[in-house]
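Reviewing the structure listed below.
The values are calculated or read from the model by the stated rules, or taken from the named source; none is laboratory data. Because the structure is a prediction, the values reported are computed rather than measured. In this analysis, Cβ positions are derived from the backbone assuming ideal geometry, glycine residues included, and neighbour counts consider all displayed protein chains. Accessible surface areas use protein heavy atoms only, side chains included; no ligands, DNA or RNA. Shrake-Rupley method; radii C 1.70, N 1.55, O 1.52, S 1.80 Å.
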Amino acid sequence: MAPMTKMFVAAIHDFVDVHGLDLVSFAKGQRKDDLTQSYLAEHDGTEAVLYVGRAQEKASVMRTERRYDPRTGASYAWLVKASALVNHFYFYCFDDDFGPFFIKFCSYFPYNAKLCLNGHEYVKRQLAKEGSAHEALDNGVLSCAEPERLQQICDGLSAAKIDALLRKWLARLPHPFTAEDRAAGYRYETSILQAEFSL
């Protein structure tokens with residue numbers, strides 16, 4: 001896996017250089033949301049990667065350990081699940097339909113990833129695109145000229161739309177799985193790690 005990891009991390013650095021992005025090393029305890037808000041304040045509303053962040057965080061990884069054949073005494077490598085402090089790369093992006101979101105990649109095998117989005121941002125983007133008058137909150141909608149339409153938009157945020165967001169940005173961002181890997185079935189699949197709902 002070492003060559004795969006090196007290629008992945010090199011691709012991230014190349015992406016940052018080619019697109020003229022900031023690569024921010026997050027300090028321990030730093031609020032990533034505060035930094036992201038400063039980037040959003042200067043953003044023009046077009047689809048883009050705002051910046052890339054890097055942080056050392058604990059992750060569940062696969063490592064090899066040496067084992068021995070009890071009959072022959074010969075050693076062999078064995079994969080074991082372990083915990084390690086490894087680099088994670090955060091891609092903070094702005095999407096035309098979903099607004100701000102991020103994808104976090106673990107740089108160590110098995111290269112877990114997390115997509116984090118806010119359904120309220122999706123709703124606000126849809127209302128704005130439709131020209132529907134509304135009063136936005138940081139994390140919600142206070143009032144809306146067309147509440148029935150607001151509810152329809154909320155109800156329309158589906159698993160398929162979230163998965164399409166992930167596929168769209170995976171096609172743009174560096175990630176560890178090559179076209180050959182994906183053709184062989186090694187690809188990211190979406191599942192819900194955490195969901196919050198409001199009435």
Query raised in the report: Hey, among the residues in the range 119-154 that are among the hydroxyl-bearing types (S, T, Y) and under 18 Å from D96 (Cβ atoms), which one's surrounded by the most Cβ atoms within 10 Å (Cβ to Cβ)?
Result: Y122
Query raised in the report: For A11, which of the numbered conditions (1) part of a loop (DSSP other than H, G, I, E, B); (2) at pLDDT 95 or above fails to hold?
Result: (1)
Query raised in the report: Does the range 80-96 include one or more residues that are among the acidic types (D, E), over 19 Å from K6 (Cα atoms) and open to solvent by less than 70 Å² (accessible area, probe 1.4 Å)?
Result: yes
Report task. Return the total of residues in the range 61-76 being modelled with pLDDT of 90 or more and either aromatic (F, W, Y) or not in a loop (DSSP other than H, G, I, E, B) (or both). Result -> 5
Report summary line: Expected single match for more than 20 Å from Y92 (Cα to Cα) and under 22 Å from the mean Cα position of the chain (by Cα) among T190, T178 is T178
Requested in this report: Run down K81, K6, K58 and say which single residue is under 20 Å from the mean Cα position of the chain (by Cα), outside any helix (DSSP H, G or I) and among the charged types (D, E, K, R).
Outcome: K58
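Just a yes or no: is a residue in the range 162-171 more than 19 Å from the chain's Cα centre (by Cα) and of a type outside the set (D, E, K, R)?
To start, the set of residues in the range 162-171 that are more than 19 Å from the chain's Cα centre (by Cα) comprises none.
The answer is no, given that none of the residues of the range 162-171 is more than 19 Å from the chain's Cα centre (by Cα) and of a type outside the set (D, E, K, R).
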Report task. For K114, work out the one condition from (1) without any contact (Cβ under 8 Å) to a residue 60 or more places away in the chain; (2) over 30 Å from G131 (Cα atoms); (3) surrounded by 10 or more Cβ atoms within 10 Å (Cβ to Cβ) it doesn't fulfil. Result -> (1)
Report task. Among the candidates A10, A59, A48, single out the residue that is open to solvent by less than 60 Å² (accessible area, probe 1.4 Å) and more than 17 Å from R172 (Cα to Cα). Result -> A59
Report task. Filter the range 1-31 for residues that are touching a Phe, Trp or Tyr at 6+ places or on another chain (Cβ under 6 Å) and over 11 Å from F89 (Cβ atoms) and give the result. Result -> M1, L21, D22
Query raised in the report: Which of the residues belonging to the range 16-35 are open to solvent by less than 60 Å² (accessible area, probe 1.4 Å) and modelled with pLDDT of 95 or more?
Result: V16, L21, L23, V24
